[in-house]
Each structure stands twice: as structure tokens, then as C-alpha cells.
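In what follows, a single structure is set out as C-alpha cells and then discussed.
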Amino acid sequence: MGQKVNPYGFRLGVTTDWKSRWFSDREYTDYLIEDWKIRDYLMTQVPHAAISRIEVERTRDRLRVDVHTARPGIVIGRRGAEADRLRAGLTKITGNNKVQLNIQEIKQPELDAALIAQGVADQLAGRVAFRRAMKRAVQNAQKAGALGIRVQCSGRLGGAEMSRTEWYREGRVPLHTLRADIDYGFREAKTTYGRIGVKVWIYKGDILPYKSVVEDKIAKEAAMAVGETAGPGRRVISAGGGRRKPEAEEGGISAPESAEGDDDAAAAKPLLGEADPELERLLAEEEEIERRTREHHETPHFRGGED
């Protein structure tokens with residue numbers, strides 16, 4: 001029996017950072033449940049915003065929520081109306097009036113494991129062949145520059161009566177190497193015949209040396225101890241809520257002009273780039289060959305003749 005370890009938790013404190021950054025003795029359980037409610041609220045309110053992860057950071061009396069998304073225009077809304085609504089909902093959940101909502105744009109969604117898993121899950125929910133969806137995701141990630149990728153689907157694939165697991169891998173995915181930068185994502189496809197789990201591992205290279213990572217973590221902890229927000233130099237889109245600070249102070253960028261544009265057009269835009277026609281033709285030929293092979297090797301069912 002295989003003992004699988006989450007790549008994110010396996011490297012936590014070594015090459016990856018915590019997604020919830022705070023410390024508390026007496027209110028630990030309350031804060032933990034509150035973080036879960038925050039993530040669940042944001043994921044359900046904007047399901048088509050291509051949200052990869054949500055980071056929560058608490059200081060003395062402030063709460064900062066960083067939303068990493070590939071479609072910041074949907075989260076911000078027209079003139080920041082959607083961001084204000086989300087901020088009001090977070091204030092109601094947490095009871096904290098000093099909630100800071102930051103929307104961080106993901107420049108390369110083809111190299112984000114959670115977004116790739118979401119794209120494959122959406123295709124499976126749209127009745128796309130699972131092999132074609134998986135191979136298309138692998139090809140797009142390789143074109144974007146990934147050193148290795150593995151995509152795995154588990155469940156009633158193709159509507160079969162018995163569930164099974166299928167996976168494709170290209171390149172290197174060293175899961176036991178701690179210095180390896182492994183991005184991991186998991187999503188579920190809600191189909192008419194059950195749920196199908198989609199897991200994605202992406203290898204982006206090695207993180208060396210560890211010294212810089214440790215020093216960066218110490219600087220963040222020192223900043224949090226004095227009540228400041230950690231991590232200068234991050235590209236942040238500040239959405240609504242008072243006067244925006246200049247880039248020299250916050251290290252962020254203002255909301256793009258397209259955020260106030262047509263949200264429907266942004267939602268209709270595909271998350272991952274479409275594959276080229278040659279790749280589609282090869283995938284179709286492979287599926288046809290597999291179908292014919294499967295039909296040829298199926299055991300025939302004989303019926304007894306009636307006199």
C-alpha cells in the first residue's frame with residue numbers, strides 16, 4: 001500500500017511558506033475555522049475567477065487576505081464593486097473591520113498546478129474525453145517551460161461502472177527531493193455520473209541555496225512581530241477601499257483597466273491556451289486507435305441457443 005505525502009506539506013518550512021501566517025495560543029481553533037470559512041466563501045462567491053490559492057496573514061488587529069487569480073477583473077468587478085462586496089462579506093465572517101483584500105495576478109496560468117487541475121476538471125464536466133484533456137494540459141505546460149508535469153485523474157472515467165486511475169507524465173517530477181520546486185494542485189470535477197478527482201504535479205526546477213529562503217523567512221517573522229505586513233516586492237493589485245498607496249510604498253500595482261471592462265467577456269475567455277490543430281488531430285487518432293484496440297480485445301458474450 002502506497003503512503004503518499006502532500007508535496008506542499010512535505011516541503012513546508014524548507015522551500016515553501018505557510019498559506020496562513022499567524023500565531024495564537026488561546027484563539028487557535030477560532031482562527032483555524034475562520035481561515036477555512038474565508039477560503040470557502042471566496043471560492044464559492046467567484047467560482048469562475050480562476051483562483052489558485054488564498055493566503056491569510058494576521059497581525060495585531062489587521063487581517064490581510066491575498067487572492068492569487070488568473071482573472072483579476074472578475075474578482076475586482078466594475079469600479080471595484082465586486083471587491084467591495086467580497087470585503088464586506090469577509091468583515092461579516094471575521095468580525096474585523098480592518099480587512100485588507102489584495103488581488104494578485106498570476107501571469108502564467110499554464111504553470112500553476114491548481115489552475116491546470118481546474119481546467120482539466122472543467123473539461124471533464126463538459127464531457128470532454130479525459131485522455132484528450134490530460135494530454136492537452138501536459139502539452140500546454142511543456143510549451144510554457146515546465147521541466148516536468150504529471151496529471152492524474154481518478155474516478156468513473158468515461159462513465160465506466162468501476163472507477164480507476166489514469167495518469168500521464170512528461171519530464172522529471174522528483175517528489176522525494178526537498179530542494180525541488182514542486183507545485184501541486186487538486187480539484188474535483190462534478191459530473192453527472194459522480195465526482196472525478198484531478199491531481200497535478202509540476203516541477204519547475206531546484207531552489208538553491210536554502211540560506212536565502214531562511215533569511216527571507218526570518219525577515220517576514222520580524223516584520224509580523226512589529227505589526228507590519230511581510231514581503232516587500234510582491235506584485236499586488238489593491239482593489240477598492242480608500243486611497244491607493246503608490247508603488248514605492250506598497251510595492252504593488254494598480255488595478256488594470258480591463259478590470260472595469262466587460263466581466264462576461266473575461267469569464268468566457270478560456271483559462272488555458274487552446275492546443276494547435278496538429279495536436280488535436282494526433283489526439284483524435286490516438287483515441288480512435290485505443291477504441292478499436294479495446295473493442296478488438298473485448299471478451300465476447302455467448303448466449304445459449306434456444307431450440
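The values are calculated or read from the model by the stated rules, or taken from the named source; none is laboratory data. None of these values were measured; they are calculated from a predicted model. Methodologically, a virtual Cβ is constructed for each residue, glycine included, from the backbone with ideal geometry; neighbour enumeration extends over all protein chains shown. Side chains included, ligands, DNA and RNA excluded: accessible areas come from the protein's heavy atoms. Shrake-Rupley method; radii C 1.70, N 1.55, O 1.52, S 1.80 Å.
If you check Ala70 against the conditions, is it open to solvent by less than 30 Å² (accessible area, probe 1.4 Å), small (Gly, Ala, Ser) and within 17 Å of the chain's Cα centre (by Cα)?
yes
Out of segment 19-31, which residues are open to solvent by 90 Å² or more (accessible area, probe 1.4 Å) and closer than 14 Å to Glu57 by Cα?
Listed by number, the residues that qualify are Phe23, Tyr28.
Restricting to segment 29-80, count the residues that are among the hydroxyl-bearing types (Ser, Thr, Tyr) and part of a loop (DSSP other than H, G, I, E, B). Before you say what the answer is, go through the steps one by one.
To start, the set of residues in segment 29-80 that are among the hydroxyl-bearing types (Ser, Thr, Tyr) comprises 29, 31, 41, 44, 52, 59, 69.
Checking which are part of a loop (DSSP other than H, G, I, E, B) leaves us with 59.
So the count comes out to 1.
Please work out which one of (1) open to solvent by 60 Å² or more (accessible area, probe 1.4 Å); (2) within 30 Å of Arg291 (Cβ to Cβ); (3) acidic (Asp, Glu) is the condition Glu166 fails and give its number.
Among (1) open to solvent by 60 Å² or more (accessible area, probe 1.4 Å); (2) within 30 Å of Arg291 (Cβ to Cβ); (3) acidic (Asp, Glu), the lone unmet condition for Glu166 is (1).
In segment 97-113, which residues are part of a helix (DSSP H, G or I) and open to solvent by 10 Å² or more (accessible area, probe 1.4 Å)?
Listed by number, the residues that qualify are Pro109, Glu110, Leu111.
Tell me the residue from Ile196, Ile202, Ile182 that is touching a residue at least 60 places away in the same chain (Cβ under 8 Å), within 21 Å of Ala125 (Cβ to Cβ) and part of a strand (DSSP E or B), please.
After applying the criteria, what remains is Ile196.
Go through Ala88, Ala83 for me and flag whichever is in a helix (DSSP H, G or I) and either of a type in the set (Val, Ile, Thr) or buried (at least 22 other Cβ atoms within 10 Å of the Cβ) (or both).
Ala83
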